[in-house]
Amino acid sequence: MRNEQTTDERAMRFALGLAENGRFTTAPNPMVGAIVVNDGRIVGQGWHKQAGGPHAERVALADAGIEAHGATIYVTLEPCSHTGRTGPCTEAILEAGISRVVIGASDPNPKAAGGAEVLRNAGLDVVTGVLKEECEALNRDFLDRIRNRRPFVTMKIAMTADGHTSTASGASKWITGEESRKHVHEDRGRSAVILTGVGTVFADNPALTCRVGGGKDPIRVVLDTHLRIPADATLAMTAAETPTILACCDFDPDKAKALEDSGCEIWMMNEKDGRVDLSELIARIGAEGYDSVFIEAGPTVAWSALSAGVVDKLQIYVAPKIFGGTGRTAVGGPGVPLPKDAFQLCDPRITPIGDDILVEYDIKHPERTS
């Protein structure tokens with residue numbers, strides 16, 4: 001039994017590697033990989049390449065051809081049993097004559113779930129939960145959006161070993177090394193939306209694009225309560241090429257029209273504590289169909305996002321440098337009154353990147369039920 005399980009794990013890990021090929025292209029769909037194994041040989045393989053295109057199972061089955069008959073198919077996410085832009089994958093599996101199906105993660109989407117049951121009812125041998133944690137981690141953004149009906153939000157911070165994000169003069173380029181900056185661009189390319197504050201626009205005039213091969217530019221959203229963004233800011237001047245949304249609570253009509261003429265989209269949001277209501281904004285981003293948000297902003301937005309309870313994962317790039325003095329810290333705001341009131345982090349992961357260290361945490365949300 002153990003040897004069979006080990007074989008299943010090895011095959012599923014291969015399928016996971018295939019799924020990674022869709023890292024930058026499948027959103028808002030999940031990344032999925034599949035292989036067909038017959039008599040110990042991989043006779044077909046495939047991955048989901050883009051939304052609207054054939055699912056991984058159909059690609060792998062087409063690759064296998066007649067050798068799929070009597071074979072085992074390994075798929076990282078439960079095969080769909082509904083008709084969307086493509087037909088049900090369960091139907092393709094049955095038509096190909098597959099005898100055994102091994103599934104990594106179950107699909108929580110009520111529209112697509114139930115594939116395992118359909119296949120079992122048709123008489124196939126179905127195994128579920130093989131490398132479940134790895135398969136779920138692959139599509140954490142997608143799964144979180146389905147389960148919690150909100151985007152998965154990651155907040156990135158780059159700081160020195162003594163916790164500064166700038167020197168006393170305000171200089172901040174560059175704190176981390178080139179390898180870390182490349183990693184950040186890869187994360188941008190994997191995110192549907194990148195969120196910043198107008199303070200960062202004034203301080204750095206960023207482009208917030210993905211500058212690594214294969215990555216796509218995320219939708220750019222700027223927290224700008226009173227629509228102060230300069231008309232000549234890079235984000236405004238490139239809005240026609242890269243979609244840019246300005247989230248505000250009030251504005252000057254003439255300035256708003258000029259920004260809209262340059263390609264910006266303006267979202268009017270409710271105000272909370274004198275700023276854009278972040279909870280409402282994240283909910284709207286999700287309602288627009290975006291499954292992931294990457295926050296790159298200053299200490300004021302960092303505090304607001306944590307206080308609003310919208311952050312799911314924290315990424316802290318720690319550079320081997322000491323600034324000292326009175327430079328900015330990573331999180332501003334009034335701070336918590338007592339240690340017991342701190343935002344609680346969990347599940348730490350530490351990854352060396354060049355000379356820097358990336359520390360990642362999940363953020364506890366006791367009030368969430370899912």
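The values are calculated or read from the model by the stated rules, or taken from the named source; none is laboratory data. The structure presented is a predicted model; accordingly, all values stated were derived computationally and were not measured. Neighbour counts are summed over all protein chains in view; Cβ atoms, including those assigned to glycine, are modelled from backbone coordinates with ideal geometry. Ligands, DNA and RNA are excluded from the accessible area calculation, which covers all protein heavy atoms including side chains. Shrake-Rupley method; radii C 1.70, N 1.55, O 1.52, S 1.80 Å.
GluC sites (Glu not before Pro), restricted to the stretch 180-278: which are DSSP loop and have at most 10 other Cβ atoms within 10 Å?
241
Taking H placed 1.01 Å from N in the peptide plane, check which residues at least 5 places from residue 217 or on another chain put their amide H under 5 Å from its amide H.
Excluding prolines and chain starts, which carry no amide H, the hits are 210.
Based on Cα coordinates alone, diagonalise the gyration tensor for the stretch 293-336, multiply each eigenvalue by 5, take square roots, and list the semi-axes in whole Å, largest first.
Working: eigenvalues 84, 40, 13 Å².
Sorted largest first and rounded, they come to 21, 14, 8 Å.
Set the Förster radius R0 to 45 Å, insert the Cβ-Cβ distance between residue 39 and residue 167 as r into 1/(1 + (r/R0)^6), and round the FRET efficiency to 0.05. Don't skip to the end; give the middle numbers.
Details: r = 64 Å, r/R0 = 1.43.
It comes to 0.10.
Can you list the aspartates and glutamates whose alpha carbon is less than 16 Å from that of residue 132, not counting same-chain residues fewer than 8 positions off?
8, 9, 20, 78, 107, 141, 144
Take each uninterrupted DSSP H stretch in the chain, measure its Cα extent along the helix axis, and return the ones at 24 Å or beyond whose mean Kyte-Doolittle hydropathy is at least -0.5.
Values: long enough: 2-19 (25 Å, -0.84).
Taking the DSSP H segments of the chain (at least 24 Å long, mean hydropathy at least -0.5), we get none.
If R0 is 51 Å, what FRET efficiency do you get for residue 137 and residue 254 from their C-beta distance, rounded to 0.05? Don't jump to the answer; show the numbers that get you there.
Details: r = 48 Å, r/R0 = 0.94.
With a Förster radius of 51 Å, E is 0.60.
Tell me the GluC sites (Glu not before Pro) within the stretch 278-370 that lie in a loop according to DSSP and have at most 11 other beta-carbon atoms within 10 Å. Mind showing how you got there, number by number?
On the way: sites: 280, 288, 296, 360, 367; in loops: 288, 367.
Loop-located and lightly packed - 367.
Counting C-alpha atoms alone, how compact is the stretch 214-296: give Rg to one decimal and Dmax as a whole number, in angstrom.
12.7, 40
For residue 344 and residue 232 in one chain, what is 0.36 nm times their gap in residues minus the Cα-Cα distance, to one decimal in nm?
Working: separation 112, 0.36 × 112 = 40.32 nm, distance 3.98 nm.
Roughly 36.3 nm would be gained on extension.
What is the distance in Å between the Cα centroid of the stretch 98-165 and that of the stretch 219-284?
Result: 33 Å between the Cα centres.
Excluding ligands, DNA and RNA, what is the solvent-accessible area per residue of the chain at a probe of 1.4 Å, expressed in Å²?
Numbers: 17440 Å² over 370 residues.
That works out to 47 Å² per residue.
Would you rank 12, 268 by solvent-accessible area, highest first, keeping every protein chain in place and using a 1.4 Å probe? List each step's numbers first, then the result.
On the way: 12 0, 268 100 Å².
The most accessible residue leads, giving 268, 12.
R0 = 45 Å: FRET efficiency of residue 240 with residue 321, Cβ-based, nearest 0.05? If you can, show how the numbers build up before the last one.
Values: r = 38 Å, r/R0 = 0.85.
Rounded to the nearest 0.05, the efficiency is 0.75.
Grab the Cα-Cα distance for residue 211 and residue 117, subtract it from 0.36 nm times how many residues apart they are, and report the gain in nm with one decimal. The partial results should precede the final answer.
Numbers: separation 94, 0.36 × 94 = 33.84 nm, distance 4.32 nm.
Value of the extension gain: 29.5 nm.
Taking 0.36 nm per intervening residue step and subtracting the Cα-Cα distance, what contour gain separates residue 149 from residue 174 on full extension?
On the way: separation 25, 0.36 × 25 = 9.00 nm, distance 3.67 nm.
Gain on stretching residue 149 to residue 174: 5.3 nm.
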